[in-house]
Amino acid sequence: MDFKETLLLPKTDFPMRGNLPANEPKKYKTWFDTGIYEQMKAKRKDAELFTLHDGPPYANGDIHIGHALNKILKDIILKYNYFQGKAVRMTPGWDCHGLPIEQKVEEKLGKSKKEAMPTEQFRALCREHAAKFIDIQRDGFKSLGVIADWENPYVTMDFKFEANIYRTLCEVAKRGLLVERHKPIFWSWAAQTALADAEVEYEDKEDYSIYVHFELSDAAKEKLGVDGKAGLVIWTTTPWTLPANTGISINPEEMYVLTDDGHIVADARYDAMIEEGVVSGHASRKIAATELDGLLAINPLNGRSSQVVLGEHVLMDGGTGCVHTAPGHGEDDYKVGLKNGLEVVMPVNEKGLYDESVAGLNLLPNPEAFIGMHIFKANEPILELLGDSLLKVSKFVHSYPHCWRTKKPLIYRATNQWFISIDDIPEGADKTLREAALNAVESVDFYPATAKNRLKPMIEGRPDWCISRQRSWGVPIAFFRVKSTKAVIFDEEVLDHVAALFDEHGADAWYAMSIAELLPPESKYNPDDLEKIEDILDVWFDSGSTWNSVLSSGNYDAGNYPASLYLEGSDQHRGWFQSSLLLSAAINQISPYETLITHGFTVDDKGEKMSKSKGNVVAPEKVIKQYGSEILRLWVALSDYQTDLKISDGILKQTAEQYRKIRNTFRFLLANVNDLDSLVNAESYGELDRWILNKANEVFTSVKRSFDSNDFLKGFAILNHFITNELSGIYMDITKDRLYCEAKDSDVRRATQSAMALISKAMLGLVAPVLTYTADEILEYAPAIFKGEMENVFDLLYEPVPEVEAAFDDTMLLEAREKFSEAIDSLKKEKVIKATLELEIAGERSVFPLSDDKDIEDWFVVSAVKEKSEGEQVASFEVEGNTFTVHKATMAKCPRCWRFTSEAEDCACERCAKVVGD
């Protein structure tokens, strides 16, 4: 008799290999063609809503591995909430305005063509460029298996969107927080525009370190009762700002000393100045800071007066305690200058060149030589002009602000700019914007928790937000100014009319239409009396207002405001997280997000930043073609996203191995429940089944707890350990005999099948958010007992493993199994045995906490466990003081089940004979 035909071997068409690169695109196409996102909405119609508000990537260039990490992580969290039964919303978006696109278009055109072109025509080319990359990036994100409202994304250059960005600006203005000031801000001379803090990067730069003597005026000396040489010594790293000096700041709490050689420095800095060779004379007189306050010194570069003022910002950790103050070139300088009425001198134009005012204001000797000179090239000529007043000069390297786009060093430059005032109280509120934002931070859940310590100090210490830019491609600060008075019109009727025009024509209307056309019909304003403000909004204002334009506008089915979650890279603490928080707090005094998750950046396997020059760039498209998007998605889930994430071909190969383990575990489970038509009742489970069900319940609860707190790394580590050890390593191994050899409808077989069905279905609900394609494929091949009424994976709802009566304490049995394995390891290596079924174990049977003898035999996968054995002893092991001997089995090998339980090798064992006979 051919016993093989009588075995119930695993049976499934679910393939062992996924062939992901070939198969994923087909399934993804089906999902998107059939409107899977809309189906998901319909299937959770009345459920609790989870809103993930997508931070907009910039519509410029192909997607990179950082984009992939970000969108996959969002997709995993969104789907996790979906499979847990919640309704979900994610409207993807794109940031379309701003300098990078403007520069790309300008590069193609050439500068002269761009300058000759009408603004609206140039903006049309920018719009075209952005639209092209939105399509490219959307296809890239969809190839990752990311599901979102791809048919209705938000695009910041859409007409209605531009109108709502403008409406947000008007709301800020109505609350009295929009102010125009002539003050110093970060200025990119390379890009010829103002920059916000979020657009500033810090890189090392070599600069001068100089000490300069400013002689006191005769009147000042007379007031102090000083004869001969006497002057304050300032320290600066920017010689090019000395022409704009109008003051010297000193610390009001400090004492100052006049040395024998005529130099005044802080008493606290005197020893350091002696040591550095800046001054050499004995400290002959002490002078209180208040005595120096208001006195005039003479700028040695141009002979102009420089007023001594008191400033809390003057520290004693470096320099001389006397700070060169040019209110046009620094934030602290401006503040102390404003308080003391210092003149704001700004002789530098938008290109970083000295302008005509160096001559008009006599800021430099021989000024014509400096007009048109770049400030960074003026340092050396200025040092020469200082002559004997230059006490010491050296160079040093320090961290210096650079433009995020051009990578060139920035300058502080006083210009007329628009700001959102951080320390004013919005109309109708009782807290300043800073206080409201800090208060709103307290209501947010942060992952990781330390992220709060990054965002909060940034809000506490930030200056007013400069929101104006001197460029063309953006949403205009579309206000009118009265020519004669320079007053800005904030008439609600005018603002509403402009917003309505933007709804219909986009923000291009500001450039294409005349003032008369932009004013409401029958307007009380004469167009000839007005002029347009030409500045555009900082692109961070665009993205910072998306909570208003997307979640609150009613133009999108995008979910709730505040959003359940914002999730971006850790650099967005100073970017999108902060700009969104400030605008939401300005208008509504609340945070726009309930939870904030930040992730790190992608690096290679050595922890180094990726760059084309290093050849270590990992492109998502290449990974998808080589491994499939499921491997990239699993890499995200298996990585600690809260730090920098390492990725390389070696790491992806390891991830692919883990994927195969998960896939083949499901394949085994599917194959072994293929003929199960109904689940057994809870009382029918054997001890081993109850053990694995309880273990699975415990593990899956722990996994869910980790996933609930967005810790997918920990959750998957727990899950993988369970799959490798208890499930695959033990249960799937020890139940093969009953699955293959027991009668089809035997109680013990059906109980094990039922346990496997319950475990696999619950486990599918946990892996589906990450391995959605694979979960859908599993359901395609799943038997009816598993699939039920589900048509695809999006019908899946996580169901925990049901609780069953406690089984046995596995501590001793796990140790015994491990000791047994160690004891027989050499037998396999030396080919004494081929399989453990050739063995039997002898010893104190009662110490094993299993009541059924067959369960104990299955636990060790041996043919017998008994008190004594007559067989040849081949090994032994000890557990909890009990010694067990391992012997060659004494009975014959059953030709059907291969257990050594037959009377003779040519006949089946008692169990198999009964099964075959029945």
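The values are calculated or read from the model by the stated rules, or taken from the named source; none is laboratory data. Bear in mind the structure is a predicted one, so any value in this text is a computation, not a measurement. Positions of Cβ are generated from backbone atoms using ideal geometry, with glycine treated the same way; all protein chains shown enter the neighbour counts. Areas reflect the complete protein model, heavy atoms only, side chains present, ligands, DNA and RNA absent. Shrake-Rupley method; radii C 1.70, N 1.55, O 1.52, S 1.80 Å.
What's the long-distance tail for the chain, i.e. % of Cα pairs beyond 37 Å? Above the 37 Å cut-off, the chain has 61 percent of its Cα pairs.
Using helices alone, what [θ] at 222 nm do you get for the chain, with -39,500 (n - 2.57) per DSSP H run of 4 or more residues, divided over all residues and rounded to the nearest 500?
Values: 32 runs with 350 residues, N = 918.
Roughly -11500 deg cm²/dmol at 222 nm, from the helical runs in the chain.
At q = 0.12, 0.17, 0.18 Å⁻¹ the log10 of I(q)/I(0) for segment 146-228 amounts to -0.80, -1.03, -1.06, computed by Debye summation with a single uniform scatterer per C-alpha, solvent ignored. Annotation: for a label point projected 7 angstrom from Cα along Cα→Cβ of Lys229, residues of segment 363-403 with backbone N closer than 16 Å are 386-393.
Residues of segment 873-895 with the amide nitrogen closer than 11 Å to a label point 7 Å from the Cα of Ser826, along Cα-to-Cβ, please. Output list for this probe position: 875-876. Taking only the C-alpha atoms of segment 29-137, Rg followed by Dmax gives 18.7, 58 Å. For segment 556-619, a simple Cβ point-charge model (Lys and Arg +1, Asp and Glu -1, everything else neutral) yields a dipole of about 300 debye relative to the Cα centre. Distance between the pseudo-spin-label points of Asp218 and Glu48 (7 Å out from Cα toward the beta carbon): 8.3 nm. Ellipsoid semi-axes for segment 305-451, based on the Cα gyration tensor and the rule √(5λ), read 36, 20, 19 Å when sorted largest first. Beyond 22 Å, what share of the Cα-Cα pairs of segment 776-918 remains, rounded to the nearest whole percent? Tail fraction, whole percent: 54. Evaluate E = 1/(1 + (r/R0)^6) for Ala190 and Arg454, where r is the Cβ-Cβ distance and R0 equals 35 Å; express this FRET efficiency to the nearest 0.05. The calculated FRET efficiency here is 0.75.
Take segment 1-126 with all the other protein chains still there, run a 1.4 Å probe, and you get 44 Å² of accessible area per residue. Amide H contacts of Asp605: Ile647, each under 5 Å away and 5 or more positions distant or on a separate chain (H built 1.01 Å from N in the peptide plane; Pro and chain starts excluded). Checking the cross-link filter: which aspartates and glutamates have an alpha carbon closer than 19 Å to that of Lys111, excluding same-chain neighbours under 8 positions apart? Hits, sequence-local ones excluded: Glu102, Glu120, Glu128, Glu350. When the charge dipole of the chain is built from unit charges on Cβ atoms (+1 for Lys and Arg, -1 for Asp and Glu) and taken about the Cα centre, the candidate among Phe860, Ile477, Val146 whose Cα reaches farthest toward its positive end is Val146.
Return the FRET efficiency for the residue pair Glu780, Gln103: r is the Cβ-Cβ distance, R0 is 45 Å, and the value is rounded to the nearest 0.05. Walk me through the intermediate numbers first.
On the way: r = 48 Å, r/R0 = 1.07.
Calculated transfer efficiency: 0.40.
Taking 0.36 nm per residue of separation and subtracting the Cα-Cα distance, full extension of the segment from Leu7 to Ala22 would add 1.9 nm.
Any chance you could tell me what percent of the C-alpha pair distances in segment 482-619 go past 18 Å? The proportion of pairs with Cα distances above 18 Å equals 69 percent.
Pop out the carbon and sulfur fraction of the accessible area of the chain as a percent, whole number, probe 1.4 Å. On the chain, the fraction of accessible area on carbon and sulfur atoms equals 48 percent.
For Gly176, the residues whose amide H sits under 5 Å from its own are Glu427, ignoring neighbours fewer than 5 places away on the same chain, with H placed 1.01 Å from N. Placing unit charges on the Cβ atoms of the charged side chains and taking the dipole of the chain about its Cα centre, the candidate lying farthest along the positive direction among Asn526, Ser305, Ala637 is Ala637.
Under 5 Å from the amide H of Gly871 lies no amide H of any residue 5 or more positions distant or on a separate chain, with H modelled from the backbone and absent for Pro and chain starts.
Taking 7 Å steps out from each Cα toward its Cβ at Ala359 and Glu203 produces label points 3.5 nm apart.
If you average the alpha carbon positions of segment 422-444 and of segment 489-567, how far apart do those two centres end up, in angstrom? If we compute the Cα centre of each part, the gap is 24 Å. The label point for Asp675 and the one for Ser484, both projected 7 Å from the Cα toward the Cβ, are 9.9 nm apart. Taking every alpha-carbon pair in segment 409-502 and binning the separations at 5 Å intervals from zero gives 2, 9, 13, 15, 18, 16, 14, 8, 3, 1, 0 percent. Subtracting the Cα-Cα distance of Asp388 and Ser112 from their residue separation scaled by 0.36 nm leaves 94.7 nm.
Rolling a 1.4 Å probe over the heavy atoms of the protein chains gives segment 748-864 an accessible area of 39 Å² per residue.
Based on the mean of other Cβ atoms within 10 Å per residue, sort peptides 20-33, 748-761 so the most packed one is first. Walk me through the intermediate numbers first.
Numbers: 20-33: 15.4, 748-761: 23.8.
Output ranking for 20-33, 748-761: 748-761, 20-33.
Remark: for residue pairs Lys4/Lys828; Lys829/Lys888; Lys104/Lys132, the C-alpha separation exceeds 20 Å in Lys4/Lys828. Using every pair of distinct Cα positions in segment 141-186, the Kirkwood expression returns a hydrodynamic radius of 14.0 angstrom.
Counting only whole DSSP H helices of the chain, the ones at least 27 Å long by C-alpha along their axis and with mean Kyte-Doolittle hydropathy no lower than -0.5 are 747-767, 811-829. Solvent-accessible surface of segment 418-481, taken per residue with a 1.4 Å probe and all protein chains present: 38 Å². R0 = 60 Å: FRET efficiency of Glu493 with Ser399, Cβ-based, nearest 0.05? For Glu493 and Ser399, the calculated efficiency is 0.75. Ordering Gln626, Met756, Ile185 by Cα displacement along the dipole of the chain toward the positive end leaves Gln626 in first place; charges were set at the Cβ atoms of Lys, Arg (+1) and Asp, Glu (-1). Largest first, the three principal axis extents of the alpha carbons in segment 278-321 are 28, 27, 21 Å in whole numbers. Cross-link pairs exceeding 26 Å between alpha carbons, from the set Lys29/Lys74; Lys695/Lys868; Lys183/Lys286; Lys744/Lys866; Lys408/Lys609; Lys819/Lys866: Lys695/Lys868; Lys183/Lys286; Lys744/Lys866.
Give me the dipole magnitude in Debye, nearest 20, for the chain about the Cα centre, with unit charges on the beta carbon: positive for Lys and Arg, negative for Asp and Glu. Please report the intermediate quantities before stating the final value.
On the way: 104 positive and 146 negative charges, 378 e Å.
Using Cβ point charges on Lys, Arg, Asp and Glu, the chain gives about 1820 debye.
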